[in-house]
Amino acid sequence: MENLTKIQALVGAEYAQFRQCWRTVLHSRVHLVNQITDYLISQNSKHLRPLLVMLSARLHGEPNEATIWAAVTVEILHTATLVHDDVVDESLQRRGQPSVNALWQNKIAVLLGDYLFSKSLQAMLKLQDVEALSLLARTSEELSAGELLQLEHAQNQSMTEETYYEMIKAKTASLFAASCRLGAMSVGAEEGQCNALYDYGLHLGMAFQIKDDLFDLVGVEYRIGKPTDRDLKSNLMTLPLIYTLRQLPDALAKEWRHRLAEGLDEEGLRQIKDLIESYGGIAYAERQMAVQAQAARDALQTYGDSIFKSALIELVEFNTRRTR
């Protein structure tokens, strides 16, 4: 996290503006809403998406009011999805602290997520840019579609590696990509530059989700700040498991698909995690994450050296090294 703090310091003035604007936008006349949003603001978020907005703007010019509003919008949109995701996943922990649904129960968490989505719409309008609004609307649709795609394939166990990439592109990488493009757009960058940064964000987001899926298998709960083994318990197939099932003999793969669908006990979890490790599922996912990381770096090749380009590259390295 030390390097992330240094990167945040590069955009210190606009980062402070973002924090203040974010808090102001979330304020409500309803005390309960303020209680919950204050709780969310106090959590140790990495703020990667608004940081991408600001760094992408800095790469092309001087951040302005549109830059700040874009940063606020993507962070509110991201927070709304997390609140709803924790309800869907029945997760009681987020960022090392109780989730909103754990403290205030599902009904309030769902309504709070709806409130955040409405606030993201209000923040979008501040951009006063039809192209930016169109991008954010498409991205909002992608975020939901990605989650639904994952659940659909969990039900019929039809998740392939190709579909997995389609799913993480929608549910995670699309917002990373949009954040980068919005930052560039906010300072009038050319179309080719906006496209290059979109590609950078897309591949960074893909690598980020693969890393998160690895955490679910090999992470330590107290360190990553959320429960582990959620995907296996919910029969959600991520890249390490998809690869492993492909390597197993047909009869054994069929047996494990059935066991996953029925639900695994602690012994079953231990056994499947051992299989994923021994059949190379972890190593394969790490290799694919490295492929996405290199594609993110390659997308920045058209830019000359600068502290802001270096910071974007460092974010790729940060993702590879992060422990939560």
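The values are calculated or read from the model by the stated rules, or taken from the named source; none is laboratory data. The model shown is predicted, which means the values in this text are computed figures rather than measured ones. Glycine gets a Cβ as well: all are built from the backbone with ideal geometry, and neighbour counts include every protein chain shown.
Put simply, of 252, 217, 241, 236 the only residue that is part of a helix (DSSP H, G or I), more than 30 Å from residue 56 (Cβ to Cβ) and under 19 Å from the mean Cα position of the chain (by Cα) is 217.
Conditions (1) at pLDDT below 95; (2) out of contact with any Lys or Arg (no Cβ under 9 Å at 6 or more places or on another chain), marked per residue:
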residue	(1), (2)
2	yes, yes
48	no, yes
58	no, yes
74	no, no
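In region 252-265, the residues that are free of Cβ contacts under 8 Å to residues at least 40 places away in the same chain reach residues that are surrounded by 14 or more Cβ atoms within 10 Å (Cβ to Cβ) and in a helix (DSSP H, G or I) with C-beta atoms within less than 7 angstrom, at least six apart or across chains, in these pairs: 253/245; 256/245; 256/272; 259/268; 264/232; 264/233; 264/272.
One line per residue, one yes/no per condition, for (1) basic (Lys, Arg); (2) without any contact (Cβ under 8 Å) to a residue 12 or more places away in the chain; (3) within 14 Å of residue 186 (Cβ to Cβ); (4) touching a strand residue (DSSP E or B) at 6+ places or on another chain (Cβ under 8 Å):
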{"residue": "12", "(1), (2), (3), (4)": "no, yes, no, no"}
{"residue": "31", "(1), (2), (3), (4)": "no, yes, no, no"}
{"residue": "44", "(1), (2), (3), (4)": "no, no, no, no"}
{"residue": "47", "(1), (2), (3), (4)": "no, no, no, no"}
{"residue": "52", "(1), (2), (3), (4)": "no, no, yes, no"}
{"residue": "56", "(1), (2), (3), (4)": "no, no, yes, no"}
{"residue": "61", "(1), (2), (3), (4)": "no, no, yes, no"}
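Listed by first and then second residue, the pairs with beta-carbon distance under 7 Å, at least 6 apart or on different chains, first residue in region 302-324 and surrounded by 12 or more Cβ atoms within 10 Å (Cβ to Cβ), second part of a loop (DSSP other than H, G, I, E, B), are 303/59; 308/59; 309/59; 309/300; 309/303; 312/300; 313/300; 324/225. Of all residues in region 179-203, those being more than 16 Å from the chain's Cα centre (by Cα), assigned to a helix (DSSP H, G or I) and acidic (Asp, Glu) number 1. Hey, can you tell me all the residues within region 96-129 that are in contact (Cβ under 8 Å) with a residue 60 or more places away in the chain, farther than 30 Å from residue 186 by Cα and not polar (S, T, N, Q)? Passing the criteria: 96, 100, 103, 104, 108. More than 19 Å from residue 28 (Cβ to Cβ) and surrounded by fewer than 20 Cβ atoms within 10 Å (Cβ to Cβ) - does that describe any residue in region 176-189? Yes: region 176-189 contains one or more residues that are more than 19 Å from residue 28 (Cβ to Cβ) and surrounded by fewer than 20 Cβ atoms within 10 Å (Cβ to Cβ). In region 202-209, is there at least one residue being modelled with pLDDT of 95 or more, closer than 19 Å to residue 91 by Cα and surrounded by 22 or more Cβ atoms within 10 Å (Cβ to Cβ)? Checking region 202-209: at least one residue is modelled with pLDDT of 95 or more, closer than 19 Å to residue 91 by Cα and surrounded by 22 or more Cβ atoms within 10 Å (Cβ to Cβ).
Taking (1) under 26 Å from residue 312 (Cβ atoms); (2) in contact with a helix residue (DSSP H, G or I) (Cβ under 6 Å, 6 or more places away or on another chain); (3) of a type in the set (A, V, I, L, M, F, W, C); (4) surrounded by fewer than 17 Cβ atoms within 10 Å (Cβ to Cβ) in turn, residue 137 satisfies each apart from (2). Scanning region 257-309 for residues that are over 25 Å from the mean Cα position of the chain (by Cα), among the hydrophobic types (A, V, I, L, M, F, W, C) and in a loop (DSSP other than H, G, I, E, B) yields one hit, 264. Assessment of region 156-177 against the conditions (in contact (Cβ under 8 Å) with a residue 40 or more places away in the chain, part of a loop (DSSP other than H, G, I, E, B) and of a type in the set (Gly, Ala, Ser)) yields no matching residue.
Residue under question is residue 121, and the condition is that it be in a helix (DSSP H, G or I), at pLDDT below 95, farther than 24 Å from residue 316 by Cβ and not hydroxyl-bearing (Ser, Thr, Tyr); does it hold? Against the criterion (in a helix (DSSP H, G or I), at pLDDT below 95, farther than 24 Å from residue 316 by Cβ and not hydroxyl-bearing (Ser, Thr, Tyr)), residue 121 qualifies.
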